[in-house]
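Reading through the structure tokens given below for one structure.
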Amino acid sequence: MDCRHLLLGYFPRVLELDADYVAGPDWYFGTFGSGNFQGESDVTDALWKGCYGLIERSNTAQRHIEAMTSLTEDEKNNYIGELKFQRAFCYFLLVRAYGDVPIQSEDETSQLSRPRESVVKVYDYIERLLEEAAGQMYKNTDSRYQAGHVCAGSAAGLLAKVYATEASSALQTSDEITVRTGTAYDGDGSDRMYAPLQSFELTKNVVKGYEGLDAKALYTQAAKWAKAVVDGDYGTYELLPYDQLWKKASATASEFMFSIGSVSGDATYKNAIYTTYEGVFQGESEFIGDGQYLGCTRHWYDLFEPTDLRIVKGVKHRWRNTSHQATNNGFFYPLTNEYSIMATGKDLNGQTVGDGKPSGIYADGVSYYYNKTSECLAFTTKYADVTNPSIKDADANWPFLRLADVLLVYAEALNELGQAQESLDELNKVRRRSEATEAVLSGNGALDTQAKRRSAIIEERAKELACEADRRWDLIRWGIYLDAMNAVGTDDAGNSKVRSERNLLFPIPQPEINTNAEITANNPGWN
């Protein structure tokens, strides 16, 4: 991915903000985060320009490499395979965001105006690139492989996700998908509520542009490529223990099949990930002086069992801002009886419990409280382990593809192909890692229908891949984006999640329409 756009902070904004379970201050969300994508630099610079710029440079690099005589055939194939992977990934970002998009082929050097190609044709091109890349790149077990680079397994894993995206988009079913969510504010929008999760039965819709595709055949391909990753056909991959998963030392471990690295404090190879999600500490103190903008909602938090490591360790339960220095205060999260008693010695009704003293992580002499603003959200700890936590340009890695993602894709494909127990076996690999209760086919809480398993897998993706910019695209491909967003209405920080048909696609940037003679109209609803 273009480091300049990571540097400017467009990522994760452009991929992350438009989702039901993510929240943050209204000034950070802006018009883009409220559903008006027109003219936003996130849409024009980060995705369109960034992706096509990388595609062009990749094409140029491939032509130069093909002409080289100093490389062995294996070296040449590996480098070209890496370039094909990058192009395929860019087109995957583009086709999901914009629908029909132009294809700039690798042998093309002079054509300035290109027509938009159909979604189906773009996916055909992505599939070809990734299949070729999987056969050309080194495996992560090869002696010549360099840690941190994409490899054969990266291409195989992404290909499984690509096929599953097409398949779910094309799937026609009368079964409903259950999404657990709800609005965060009362009827007049004046006060944040703490209502329990509601179950919304949403109808699966075929996504425009994917009509007529054979969902079963596509899921068969998704399962085939995911199985190849699991079976080790393209290298060795394994889930990390939870306590190691988000450590800086694990950044190039095999679970991270494609991630963007950064260099601490470097002017070129830096990003906004750490500042956005974790916040920058003031010197060597425990006080956050800047950042920590994006978090997840309380309804997302309530999806988990109380002992799930993804909230026990994966969410911040105490933190202090520089505003707390003079008052000896700090925030606690979430506002539940359990955490209120631990943090304040009182329950939610204000009644003293036990000796009335804070306990556990809160027994440090600080006065902890909770407030109903964007300052108190379910903030992730995924990106907290960096070399220097007191600088904005800290070296957090951004995971575009993890093995956990591929396993959930595999579970999804197996379920849609009617292999119920095999589907739960893959789902449980992910759940077991975070000490969540394993899913079963019979008994208490059984996932005994295809629709229940489908809903559970979609929800598991929301939990496992939170703050990894995947949720919008899952809602879109399942055809439930509008219903899920509108079920929220207003999020925990007061941002509007109300969306309409035009939000299903991003607008084509106006400069492209002005200069590309082959594009004469924008996506529906965008001028």
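The values are calculated or read from the model by the stated rules, or taken from the named source; none is laboratory data. Fair warning: this is a prediction, and the values are worked out from it, not measured in the lab. Cβ atoms come from the backbone with ideal geometry, glycine included; neighbour counts cover every protein chain shown. Ligands, DNA and RNA are stripped out before the accessible areas are found, and what is left, the full protein with its side chains, is counted by its heavy atoms. Shrake-Rupley method; radii C 1.70, N 1.55, O 1.52, S 1.80 Å.
Taking the convex hull of the alpha carbon atoms in the range 153-273, what volume per residue do you get, in Å³?
Dividing the Cα hull volume of the range 153-273 by its residues yields 234 Å³.
What full-extension length gain, to one decimal in nm, is calculated for ILE391 and ASN337 as 0.36 nm per residue of separation minus the Cα-Cα distance?
15.9 nm is the gain from fully extending ILE391 to ASN337.
Report the label-to-label distance for SER34 and THR437 in nanometres (one decimal), using points 7 Å from each Cα along the Cα→Cβ vector.
Taking the two extended label points, one gets 4.2 nm.
Students often forget the sequence filter, so: which lysines lie under 21 Å Cα-Cα from LYS216 once same-chain residues fewer than 8 apart are removed?
Cross-link targets: LYS121, LYS161, LYS204, LYS208, LYS224, LYS227, LYS452.
Can you tally the net charge around VAL353? Count Lys and Arg as +1, Asp and Glu as -1, for every other residue whose Cβ sits under 15 Å from the Cβ of VAL353.
With Lys, Arg at +1 and Asp, Glu at -1, the neighbours total -1.
Using only alpha carbon positions, build the gyration tensor of the range 199-339, then give the equivalent ellipsoid semi-axes as the square roots of 5 times its eigenvalues, largest first, whole angstrom.
The three semi-axes for the range 199-339 are 37, 24, 17 Å.
Compute the length gained on full extension between ASP266 and ASN205: take 0.36 nm times their separation in residues and subtract their Cα-Cα distance, giving the result in nm to one decimal.
Gain in length upon complete extension: 17.4 nm.
Which percent of the accessible heavy-atom area of the chain goes to carbon and sulfur, probe 1.4 angstrom?
Within the chain, the accessible surface is 49 percent carbon and sulfur.
Tell me which residues come under 5 Å, amide H to amide H, from ASN321 once H is placed; ignore anything under 5 positions away on its chain.
Under 5 Å from the amide H of ASN321 lie the amide H atoms of ILE288, PHE331, each far enough along the sequence or on another chain.
Projecting each Cα onto the charge dipole of the range 84-203 (Lys/Arg +1, Asp/Glu -1 at the beta carbon, about the Cα centre), which of VAL101, LEU202, ALA184 comes out farthest on the positive side?
VAL101
Under 19 Å between alpha carbons, and skipping anything fewer than 8 positions from LYS248 in its own chain: which lysines qualify?
Output for LYS248: LYS270, LYS313, LYS316, LYS382, LYS392.
Calculate the length of the line joining the C-alpha centroid of the range 14-40 to that of the range 108-182, in whole Å.
The distance from the Cα centre of the range 14-40 to that of the range 108-182 comes to 26 Å.
How much net charge surrounds TYR163 when only the other residues with a Cβ under 14 Å from the Cβ of TYR163 are counted, with Lys and Arg +1 and Asp and Glu -1?
-1
Please get the size of the charge dipole for the chain, origin at its Cα centre, with Cβ charges of +1 on Lys and Arg and -1 on Asp and Glu, quoted in debye to the nearest 20.
Using only the charged Cβ atoms, the result is roughly 360 debye.
Residue farthest toward the positive end of the dipole of the chain, with Cβ of Lys/Arg at +1 and Asp/Glu at -1: which of VAL43, GLY445, TRP319?
TRP319
I need the Kirkwood Rh of the chain: take the reciprocal of the average 1/r across all distinct C-alpha pairs and report it in angstrom.
Every distinct Cα pair counted, the radius reaches 24.1 Å.
Would you mind checking the range 84-120 for residues with the amide N under 13 Å from a putative spin-label position 7 Å along Cα→C-beta of LYS216?
Under 13 Å, as judged by backbone N against the label point of LYS216, lies no residue of the range 84-120.
Relative to the longest principal axis of the C-alpha atoms of the chain, give the angle of the C-alpha long axis of helix 403-416, reported between 0 and 90° and rounded to the nearest 10°.
Its long axis makes an angle of about 80 degrees.
If you average the sequence gap of Cα pairs under 8 Å that are 6 or more apart and divide by the length of the chain, what percent do you get for the contact order?
In percent, rounded to a whole number, it is 22.
Let me know the longest stretch in the chain that avoids all trypsin sites (Lys or Arg not before Pro) found in a DSSP loop with at most 13 other C-beta atoms within 10 Å.
248-527
P(r) tail for the range 322-377, what percent of Cα pairs lie past 19 Å?
24 percent
Loop-only GluC sites (Glu not before Pro) in the range 431-527, please: DSSP not H, G, I, E or B, and at most 15 other Cβ atoms within 10 Å.
In loop regions of the range 431-527 (DSSP not H, G, I, E or B), the sparsely surrounded GluC sites (Glu not before Pro) are GLU435, GLU438, GLU518.
Please list the non-local residues whose amide H lies under 5 Å from the amide H of PHE400, H modeled 1.01 Å from N, same-chain partners needing a gap of 5 or more.
The answer is PHE258, SER259, ILE260.
Report, largest value first, the span of the C-alpha coordinates of the range 21-60 along each principal axis, in whole Å.
41, 20, 14
Explain nothing, just the number: dipole magnitude of the range 1-142 about its Cα centre with +1 on each Lys and Arg Cβ and -1 on each Asp and Glu Cβ, in debye rounded to the nearest 20.
So the dipole magnitude of the range 1-142 works out to roughly 220 debye.
May I ask you to give the average projected area over all directions of the convex hull of the Cα atoms of the range 475-527, in nm² rounded to one decimal?
Mean projected area of the Cα convex hull: 4.7 nm².
When the dipole is taken about the Cα centre of the range 155-208, and only Lys, Arg (+1) and Asp, Glu (-1) are charged at their Cβ, what size is it in debye, to the nearest 20?
It works out to roughly 300 debye.
Determine the shape class of the range 441-509: with a ≥ b ≥ c the square roots of the Cα gyration tensor eigenvalues, call it rounded for a/c under 1.5, and otherwise prolate if a/b is greater than b/c, oblate otherwise.
It is prolate, given that a/c is not under 1.5 and a/b is the larger ratio.
Can you tell me the FRET efficiency between ASN329 and GLN421 if r is taken as the Cβ-Cβ distance and R0 is 51 Å, rounded to the nearest 0.05?
The pair ASN329/GLN421 has a calculated efficiency of 0.50.
Taking 0.36 nm per residue of separation and subtracting the Cα-Cα distance, what length does fully extending ASP243 through GLN450 add?
Value of the extension gain: 71.3 nm.
Please give the FRET efficiency for THR173 paired with HIS64, using the beta carbon to beta carbon distance and R0 = 41 Å, rounded to the nearest 0.05.
0.30
If you consider only alpha-carbon coordinates, what radius of gyration and Dmax does the range 54-132 have, in Å?
Expressed in Å, the Cα Rg and Dmax of the range 54-132 come to 13.2, 41.
Whole Å is fine, so just give me how far the alpha carbon centre of the range 407-442 lies from that of the range 320-394.
So the separation of the two Cα centres works out to 35 Å.
What's the FRET efficiency of GLN282 with ASN349 using the Cβ-Cβ distance as r and R₀ = 35 Å, to the nearest 0.05?
Using R0 = 35 Å, I get an efficiency of 0.45.
Which value in deg cm²/dmol, rounded to the nearest 500, describes the helix-derived mean residue ellipticity at 222 nm for the chain, given -39,500 (n - 2.57) per DSSP H run of n ≥ 4 and division by the residue count?
Computed ellipticity for the chain at 222 nm equals -12000 deg cm²/dmol.
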